[in-house]
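Below is one structure, written out as structure tokens; the observations come after it.
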Amino acid sequence: MKPTSIMVIAGEPSGDALAAELVQALRTEAEFHSHPLKPELSFFGAGGSKLAAAGVDLAVDMTQHAVIGLWEVIKSYGKFRRIFHELLDLAAKRRPDLLVCVDFSGFNRRFAHALRSRAAKSNGQWNPRIVQYVSPQVWASRPGRATKMADDYDLLLSIFPFEKDWYAKRAPELKVEFVGHPMLDRFGVRSQESGVRSQLTRPEVLLLPGSRAGELKRHLPVMLDAAKQIVAVEEVSFRMVLPNGELVEMALPLCGKELELKMGRSEEAGELRATGLMKNATAQFQIQVGHLDSALRSATIAIASTGTVTMECALFNVPTVALYKTSWSTYQIGKRIVTVNFLAMPNLLAGGAVFPEFVQDAATGKNLAEAVLALLRDEARRKEIQGKLGQIIAGLGTAGANVRAAKAIWSLLLPTAK
């Protein structure tokens, strides 16, 4: 039997991790479940180190090129155009049976459309199925794109419960399946206990500036300014988690004015880590690669960019101060087209400011510090936030998102599959 060829495209590190999990789930479904056909699978495409480790033949490491913001995209237009056409030509050459687009909506939406157009010229010899895993945030801006998505996608796999009804009202011809949130699988069952936190001699503030170079450059200086103001009045320690060593190396010069750090590797895992003290203070400061779950288990409060990580903070019951800064041009356009009241997803799901949120000019060290100090000094408020976070997470359904996603994809490829 001819192998089933599957092309996968993921961009940012979070999408790379999710795509790798889906690849494994697709293999498991094909191998162990009662499909009438058990095809051999062949994966190729673009992503990062986790997709490569999952056995996907990568033509491009997309995580090396992830950017955010209009101006950043414009500056990188030539590079992304070249990658786009290289991947499109590769798809036309290898003619995959299935294209799975994981998050990375700006690139993937255009790629799905271009692939559909290219396949239409094959005189019926190539008719790939196209799936998008994680909905673009068209419900936050430019909702008209929902109807265009119906022309390009055979299936949209949603991770938030409200999205299926939203699409049903605006693009009923688009097949949408709510599969649940994959972080419930990635991190396991959230513990309600505060064992690690209760063992700390002083509160720990977790800094999560983002997974892209642009986010780091805009968010980290503000976070460090906030940290300096916090330690001036409270005894706390700080930990920063970044997804890879390259971002750690980029962070060190930004930390130079406020921190005295020493590079090293942890004995238990061997990962890159920087440890030291804040200047003119006794506050400990650590920078580590990965292991976000262990950092969240010990954190008292987090300061985080308004991205996927705010949901992970919610999962681990960590009261969080959220921020977002971008270029002036991107912000000016964004504030005219974004129709939602919040950027942090826990706030959107709750319909209110569960996490204090500071955007653009409001995202200052002073504002962040004041919000963190207010939470540190008000245990009742922290417990109230944690109660709301429990309700938010309960609304995401149960674990098994990638399994449900894989089953939905196989039902698309093999309609008689069980």
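The values are calculated or read from the model by the stated rules, or taken from the named source; none is laboratory data. Everything quoted here is computed from the prediction, not taken from an experiment. Every residue, glycine as well, gets a Cβ built from its backbone with ideal geometry; the counts of neighbours run over all protein chains shown.
For every residue, the table says whether it meets (1) closer than 25 Å to Phe162 by Cβ; (2) touching a Phe, Trp or Tyr at 6+ places or on another chain (Cβ under 9 Å); (3) at pLDDT 95 or above.
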| site | (1), (2), (3) |
| --- | --- |
| His291 | no, no, no |
| Thr308 | yes, no, no |
| Trp328 | no, yes, no |
| Glu357 | yes, yes, yes |
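Hey, can you tell me all the residues within the stretch 242-262 that are within 20 Å of Thr320 (Cα to Cα) and either part of a loop (DSSP other than H, G, I, E, B) or modelled with pLDDT of 95 or more (or both)? Talk me through it step by step, then tell me what you get.
To start, the set of residues in the stretch 242-262 that are within 20 Å of Thr320 (Cα to Cα) comprises 242-243.
The one that is within 20 Å of Thr320 (Cα to Cα) and either part of a loop (DSSP other than H, G, I, E, B) or modelled with pLDDT of 95 or more (or both): Pro243.
Residue by residue, here is whether (1) surrounded by 17 or more Cβ atoms within 10 Å (Cβ to Cβ); (2) in contact (Cβ under 8 Å) with a residue 40 or more places away in the chain; (3) among the β-branched types (Val, Ile, Thr) holds:
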| position | (1), (2), (3) |
| --- | --- |
| Ile301 | yes, yes, yes |
| Thr320 | yes, no, yes |
| Lys325 | yes, yes, no |
| Val338 | no, yes, yes |
| Gly352 | no, no, no |
| Asp361 | no, no, no |
| Glu384 | no, no, no |
| Leu396 | yes, yes, no |
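Is at least one residue of the stretch 198-212 in a helix (DSSP H, G or I), in contact (Cβ under 8 Å) with a residue 24 or more places away in the chain and surrounded by fewer than 22 Cβ atoms within 10 Å (Cβ to Cβ)?
No, there is no match, as no residue in the stretch 198-212 is in a helix (DSSP H, G or I), in contact (Cβ under 8 Å) with a residue 24 or more places away in the chain and surrounded by fewer than 22 Cβ atoms within 10 Å (Cβ to Cβ).
List the number of the failed condition for Gln125; all other conditions in (1) outside any loop (DSSP other than H, G, I, E, B); (2) at pLDDT 90 or above; (3) more than 22 Å from Ser14 (Cα to Cα) hold.
(1)
Looking at the stretch 117-157 only, could you name the residues that are of a type in the set (Asp, Glu) and surrounded by fewer than 16 Cβ atoms within 10 Å (Cβ to Cβ)? Before the answer, list the steps.
Here is the first cut: in the stretch 117-157, the ones of a type in the set (Asp, Glu) are 151-152, 154.
Of everything in the stretch 117-157, just one residue is of a type in the set (Asp, Glu) and surrounded by fewer than 16 Cβ atoms within 10 Å (Cβ to Cβ), namely Asp151.
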